[in-house]
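Working notes, structure below.
The values are calculated or read from the model by the stated rules, or taken from the named source; none is laboratory data. Everything numeric here is computed off the predicted structure, so don't read it as measured data. Positions of Cβ are generated from backbone atoms using ideal geometry, with glycine treated the same way; all protein chains shown enter the neighbour counts. Heads up: the accessible areas ignore ligands, DNA and RNA and are worked out on the full protein's heavy atoms, side chains in. Shrake-Rupley method; radii C 1.70, N 1.55, O 1.52, S 1.80 Å.
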Amino acid sequence: MVERGRGLPLILIPGIQGRWEWMEPLVSALAEHRRVLTFSLNEASGADLFDDWAERIDRLLEHADADRAPVVGISFGGIIAARYAARRPQAVERLILVSTPGPDWRLQGFSAACVRHPWLYFPLFAARGALRLAPETLAALPSWPQRGAFALSYGLRTLRYPASPAAMAAWVRTWMATSMAAEIGRISTPTLLITGEPDLDRVVPVASTLEYLALIPGAQHRTLGRTGHLGILTRTTEFARVVCDFIKE
């Protein structure tokens with residue numbers, strides 16, 4: 001468990017890489033407004049990973065001595081957050097899903113091969129990820145010194161806190177075996193979808209995230225301009241402001 005900041009609590013769930021450290025700049029930015037509590041996905045174990053993640057969120061709330069809090073899920077973390085909101089509506093004050101794959105998402109081609117053979121395909125997976133993120137880095141950061149500094153800091157963070165290809169594949173298999181559409185239909189919590197621009201998010205299509213608009217009553221959508229999938233890091237201050245403005249509504 002990680003805790004930063006003061007005041008009212010906010011639960012933050014990382015993406016498919018699993019490590020909270022990858023989004024540490026976001027944790028710091030949100031901690032200027034709220035008491036941020038987060039964890040790494042690889043802390044989970046057991047037969048039902050989603051249940052284990054839910055219990056960890058329960059423990060974060062208990063630690064914060066709070067009955068409810070806003071829950072922010074980043075990409076795959078949004079799947080965890082949405083399922084938690086569906087099953088624990090009384091515990092989620094606001095639900096924020098960030099570039100989250102839609103409930104009918106299915107793996108195909110290269111992505112499916114990565115899940116079947118995670119260690120074999122991981123070098124190609126990492127290289128493809130870098131190529132996909134390059135256009136939005138150019139759009140979000142105006143100068144080459146800023147782009148270089150961001151690439152260096154992000155690269156060093158991923159090396160210092162490496163992801164586990166095997167664990168990531170196991171999480172995706174668990175997700176693919178879970179019927180999410182029925183769960184999503186039960187969400188009654190005020191919900192905000194945050195995406196980047198459609199032509200810049202090369203990881204999760206914006207159209208997939210927007211499927212939640214039709215499934216969650218009253219859900220809203222905000223576009224973080226000049227970003228794709230990494231707006232939580234390339235425009236961290238602006239992202240934190242959008243989140244906190246929605247929570248204050």
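Summary of values
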{"quantity": "Cα-centre dipole for the range 19-112 with unit charges at Cβ (Lys and Arg positive, Asp and Glu negative), debye to 20", "calculated": "280"}
{"quantity": "Computed magnitude of the charge dipole of the range 70-181 (debye, nearest 20; Cβ of K, R +1, Cβ of D, E -1)", "calculated": "180"}
{"quantity": "The chain: most fluctuating residue of E93, E238, E62 per GNM, C-alpha cutoff 10 Å", "calculated": "E62"}
{"quantity": "Relative packing of 110-117, 35-42, which averages over residues the other C-beta atoms within 10 Å, highest first", "calculated": "35-42, 110-117"}
{"quantity": "Helical mean residue ellipticity (222 nm; -39500 (n - 2.57) per DSSP H run of 4+; nearest 500) of the chain", "calculated": "-15000 deg cm²/dmol"}
{"quantity": "FRET efficiency, 1/(1 + (r/R0)^6) with R0 25 Å, evaluated for S179 and D58 via beta carbons", "calculated": "0.65"}
{"quantity": "Virtual spin-label span in nm between Y161 and D104, 7 Å along Cα→Cβ", "calculated": "3.5"}
{"quantity": "Fully extended contour minus Cα-Cα distance, from T237 to D48, at 0.36 nm per residue", "calculated": "64.5 nm"}
{"quantity": "Bridge type composition, the chain - antiparallel percent by DSSP, nearest 5", "calculated": "15"}
{"quantity": "Prolate/oblate/rounded call for the range 107-249, Cα gyration tensor, a/c under 1.5 rounded", "calculated": "oblate"}
{"quantity": "Whole-angstrom gap from the range 194-249 to the range 34-52, using each part's C-alpha centre", "calculated": "23"}
{"quantity": "Cβ-placed point charges (K, R +1; D, E -1), dipole of the chain about Cα centre in debye, nearest 20", "calculated": "460"}
{"quantity": "Contour minus Cα-Cα distance for S28 and E249 (0.36 nm per residue)", "calculated": "77.3 nm"}
{"quantity": "Length added when fully stretched, R116-T223, from 0.36 nm per residue minus Cα-Cα", "calculated": "35.2 nm"}
{"quantity": "Farthest toward positive dipole pole in the chain [+1 Lys/Arg, -1 Asp/Glu at C-beta], among I11, W175, V206", "calculated": "V206"}
{"quantity": "Accessible area in square angstrom per residue, the range 61-161, 1.4 angstrom probe", "calculated": "51"}
{"quantity": "Considering only the range 1-94, percent of DSSP beta bridges that pair antiparallel, nearest 5", "calculated": "25"}
{"quantity": "Carbon/sulfur fraction of accessible area - the chain, other protein chains in place, 1.4 Å, %", "calculated": "56"}
{"quantity": "The range 117-151: trypsin sites (Lys or Arg not before Pro) in DSSP coil with no more than 11 other Cβ atoms inside 10 Å", "calculated": "none"}
